[in-house]
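Heads up, the thing below is written out as structure tokens.
Read the figures in this text as sums done on the coordinates, not as results from a lab. These numbers were taken from a predicted model, which means no experiment stands behind them.
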Amino acid sequence: MDKQQRLAAHESLEIHEALNLKTLALAKSKLMQGLVFDQELRDLMEKDVQQTMQAIADLQAVYARAPFRALVPDVRPTPILN
């Protein structure tokens, strides 16, 4: 048996959807950071960004076992304001 089993087609689609959702959440969090003036809230949002980036990396590792894959860009959104 293969050490790294392939995902079923429906599992691959679900992982792809989760990746899309996490990528959109990351973009929103990064963009909203530029609009927040409260440092405590900004720190919380930065923690969310870091956790979301880790979740995306974890999902990409699982997605690598999909029998078919769409390219997932390596580009991550950056905040519009610092």
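Quick notes on this one:
- Relative contact order of segment 9-63, defined on C-alpha pairs under 8 angstrom at six or more residues apart (%): 51 percent
- Taken over the Cα atoms of segment 1-49, the convex hull encloses 74 Å³ per residue.
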